[in-house]
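Peer 1: Dumping the structure here so I can ask a few things about it.
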Amino acid sequence: MVGARGTGCAGAAAGARPGKRPQEPEPASEEPSLLWARAPSLGDGSDSGLSDSEESVFSGLEDSGSDSSEDSTEGQDGASGDEGHGRTEKTAGQQAVSTPSSPPRTEVAAGAQDEYAEDSSDEEDVRNTVGNVPLQWYDDFPHVGYDLDGRRIYKPVRTRDELDQFLDKMDDPDYWRTVQDRMTGHDMRLTDEQVALVRRLQRGQFGDASFDPYEPAVDFFSGDLMIHPVTNRPVDKRSFIPSLVEKEKVSRMVHAIKMGWIQPRRPRDPTPSFYDLWAQEDPNAVLGRHKMHVPAPKLALPGHAESYNPPPEYLPSEEESLAWEQQEPSERKLNFLPRKFPSLRAVPAYGRFIHERFERCLDLYLCPRQRKMRVNVDPEDLIPKLPRPRDLQPFPTCQALVYRGHSDLVRCLSVSPGGQWLASGSDDGSVRLWEVATARCMRTVPVGGVVKSVSWNPNPTICLVAVAVEDAVLLLNPALGDRLVVGSTDQLLGTFTPPEEPALQPAHWLEASEEERQGGLRLRICHGKPVTQVTWHGRGDYMAVVLATQGHTQVLIHQLSRRRSQSPFRRSHGQVQRVAFHPVRPFLLVASQRSVRLYHLLRQELTKKLMPNCKWVSSMAVHPAGDNLICGSYDSKLVWFDLDLSTKPYRVLRHHKKALRAVAFHPQYPLFASGSDDGSVIVCHGMVYNDLLQNPLLVPVKVLRGHTLTRDLGVLDVAFHPTQPWVFSSGADGTVRLFS
């Protein structure tokens, strides 16, 4: 019964929607009339036992009448099945037949027969009785207002998408005249009269077609004198009696003038006022209020040179006059040549007078002048707070020993892993081995060419020194120190057995002859190109060599145990200056003129590219921890890189005045040094913290001098002692110096 009643209500509401007011249906038979009479009582909230939620559900079914009538029939079948009575099924069927489906669009009938047909109100909709309430208030509700009977007018269910609207636009010929009624939410079809009204309004015409805006006007007042006037109002009394309010205002103004509060208007002085804009104004002047005004500098007073009859010493000679004419105008002391005239009457007009006055006006007009407010800042506050050098000891402070013996400039040096011996290479074609503690030359090995690089094997169990001479790398056994280490080194080199089929290599390994072995030479690695640098890996089995050539074979890596050579690169990225092995990880650092590349040897790929922002990189050193790097350049810069921070320099130090030749890190102490062509060695404190959030501390602590400049060259190489805070330096004066 509930389903049947709800359907009846829906049918009643749907039947009452098309018109402005619900019309009484014609009594076709008894049963439909009973159903129609019963529907309003069910829709009323007083007699029905339905709640608001149930009513809204049935109202939603009522609004869905725009769909097919099959949905309502299925709903009625479900309700009759629940009740199980034949009478209910019959009633529901008759009700479904008598309930018309509401059309999707409602055409507004012009001749509707109801009591509101003659209503001239344009603001009120008859079906929706909400009045002038803004319709935005109903945006969050399912209904849009209430009808005359107090029932809710629910918004229609709009499930049509843009495709359906496009199909309606193509198929429906009346789509262009269909609008949506904001009061009910339904679509309305405009009649021809309404369309004509809209078009007249769009053209700026009057809404009434029968209105003539150009009809002749009828004067309400005629020009003829009439017996009875239109208005016969007597004259006011205030028109001929003085006003007391105005009298009070006048008395107030007179009192103000007597007290001096109101000054009478004085005639303005027509003469304009002029004042000197660039004069030194007093505080009471017009420009005295401008505190930032700076007066223009005054011209210098004329001296004896400007006189028409100057003294003889001010008159230039012919050579001075010729030199004055050849000088630039900005370099001349005087912008004119002094001349002598017999009398003031004979002085001609100054030719550059107008030009100089014009330039003076331009200077006064265009030159900005502003008084700078001086900031009271202590100069010591601008200096960064750095620790005192004496708190950062130990570091080398003075010259301790001088190693003399080379006859030409000493290009390179290297210290043994134990710190007892020192090797140095010179342009005199010899390699000298020194005892560090006594500065005594223990051995001199002639190599027959300029020594470009010397590197002691870092493995303490191997006693070998690699020397780069011309196009070869010589492996020397200096036979110094422990005899067991010397013997084991020769035994290690002698255990090598060459393969049956030698592979093609970029370098040739040659055994030394008996005569050369007596001089200390063990192996010779020939490259065919000049060798500029040789450096060992930390374990002492591999060494990297830099060749002075073009192409991808600039860097070669040699393996001592297997006597193999290989070229790790397939293409070149510029002229290679220095190479270095990473002390901890399998990385190879290659420094070219403008960049430093970091390669992973196992993955065989480029890991990082550092940009030093230097014109020409000359030297490179890696921190013992492996996370920092320093580079020296020929443009007097020392660049510190933090590999974990960025590819750009962390700090750029410009302490030297000339080109840097060498840089070095201390293996144990937080020290690094740089040698330059200015003949000085600068030692800096470089503390690297384990905390990644704390930046390295870089403090220059000492400038060491001792080398003399020779051929505009100073310090060529620096190296630290492996265990002591000592630094060695080799210079162009042919000496090696120890600073401790």
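Peer 1: Determine the gain in length on full extension of the stretch Lys615-Arg374; use 0.36 nm per residue of separation and subtract their C-alpha separation, reporting nm with one decimal.
Peer 2: 82.9 nm
Peer 1: Arranged from highest to lowest average of other beta-carbon atoms within 10 Å per residue, in what order do the peptides 575-588, 139-152 appear?
Peer 2: The densest-packed peptide leads the list: 575-588, 139-152.
Peer 1: Lysines near Lys340 by alpha-carbon distance under 30 Å, same-chain residues fewer than 8 away left out - which ones?
Peer 2: Partners within reach: Lys298.
Peer 1: OK, next. Out of every Cα-Cα pair in the stretch 444-564, what percent are more than 18 Å apart?
Peer 2: Considering the stretch 444-564, 50 percent of its Cα-Cα pairs are separated by more than 18 Å.
Peer 1: Round to the nearest 0.05 the FRET efficiency obtained for Leu693 and Val584 when R0 = 22 Å and r is the Cβ-Cβ distance.
Peer 2: For R0 = 22 Å, the calculated efficiency reads 0.55.
Peer 1: If I stretch the segment between Glu328 and Leu645 completely, what's the gain in nm (0.36 nm per residue apart, minus their alpha carbon distance), one decimal?
Peer 2: Additional length available on full extension: 108.9 nm.
Peer 1: Pairs of Cα atoms under 8 Å, at least six residues apart: use those to get the relative contact order of the stretch 486-621, whole percent.
Peer 2: That works out to 14 percent.
Peer 1: Can you compute the modelled spin-label distance between Arg233 and Leu510, with each label point 7 Å from Cα toward Cβ, in nm?
Peer 2: 13.4 nm
Peer 1: Let me ask another. With a point put 7 Å past each Cα toward its Cβ, work out how far Ile241 is from Phe221 in nm, to one decimal.
Peer 2: 2.8 nm
Peer 1: Something else about it: Cut-off 14 Å, label point 7 angstrom out along Cα-to-Cβ of Asp490: give me the residues of the stretch 423-466 whose amide nitrogen falls inside.
Peer 2: The answer is 463-464, whose backbone nitrogens lie closer than 14 Å to the label point.
Peer 1: Also: I'd like the carbon and sulfur percentage of the solvent accessible area for the stretch 191-241, probe radius 1.4 Å, heavy atoms only, ligands and nucleic acids excluded.
Peer 2: After summing per-atom areas, the C and S share lands at 57 percent.
Peer 1: In the stretch 295-351, what percent of the accessible surface is made up of carbon and sulfur (1.4 Å probe, ligands and nucleic acids excluded)?
Peer 2: Carbon-and-sulfur percentage of accessible area, whole number: 55.
Peer 1: Another one. On the accessible surface of the stretch 611-740, probed at 1.4 Å, how many percent belong to carbon and sulfur atoms?
Peer 2: Whole-percent figure for carbon plus sulfur exposure: 50.
Peer 1: With every protein chain present, what is the per residue accessible area of the stretch 583-728 (1.4 Å probe, Å²)?
Peer 2: 45 Å²
Peer 1: Cross-link partners among lysines for Lys169, C-alpha distance below 21 Å, same-chain residues fewer than 8 apart left out?
Peer 2: none
Peer 1: Related question: From a point 7 Å beyond the Cα of Gln575 in the direction of its Cβ, which residues of the stretch 615-651 have a backbone N at a distance under 15 Å?
Peer 2: Output list for this probe position: 615-619, 633-635.
Peer 1: Related question: Averaged per residue, what accessible surface does the stretch 183-265 expose to a 1.4 Å probe, in Å²?
Peer 2: Roughly 98 Å² per residue, with all protein chains present.
Peer 1: Which of rounded, prolate, oblate describes the stretch 517-605, given a ≥ b ≥ c as roots of the alpha-carbon gyration tensor eigenvalues and a/c under 1.5 marking rounded, otherwise prolate only if a/b is larger than b/c?
Peer 2: Oblate.
Peer 1: Hey, another quick one. Take the residue pairs Lys615/Lys637; Lys648/Lys702; Lys657/Lys702; Lys637/Lys657 and return only those whose Cα atoms are more than 19 Å apart.
Peer 2: Long pairs (Cα-Cα over 19 Å): Lys648/Lys702.
Peer 1: Another question, then. Lysines within cross-link reach of Lys249: Cα-Cα under 29 Å, excluding same-chain residues under 8 positions apart?
Peer 2: Lys237, Lys258
Peer 1: Measuring from label point to label point, each 7 Å out along Cα→Cβ, what is the Tyr175 to Arg443 span in nm?
Peer 2: In this crude spin-label approximation the distance works out to 10.3 nm.
Peer 1: Let me ask you something else. Please get the size of the charge dipole for the stretch 291-356, origin at its Cα centre, with Cβ charges of +1 on Lys and Arg and -1 on Asp and Glu, quoted in debye to the nearest 20.
Peer 2: 520 debye
Peer 1: State the Kirkwood hydrodynamic radius of the stretch 142-201 in Å, one decimal place, computed from all pairs of distinct Cα atoms.
Peer 2: Result for the stretch 142-201 stands at 13.6 Å.
Peer 1: Please give the length that would be gained between Asp208 and Arg404 if that part of the chain were fully extended, namely 0.36 nm times their separation in residues minus their C-alpha to C-alpha distance (nm, one decimal).
Peer 2: Gain in length upon complete extension: 58.4 nm.
The values are calculated or read from the model by the stated rules, or taken from the named source; none is laboratory data. Note that this is a predicted model, so its numbers are computed, not measured. Virtual Cβ from ideal backbone geometry, glycine too; neighbours counted across all protein chains shown. Heavy atoms of the whole protein, side chains included, go into the accessibility calculation; ligands, DNA and RNA do not. Shrake-Rupley method; radii C 1.70, N 1.55, O 1.52, S 1.80 Å.
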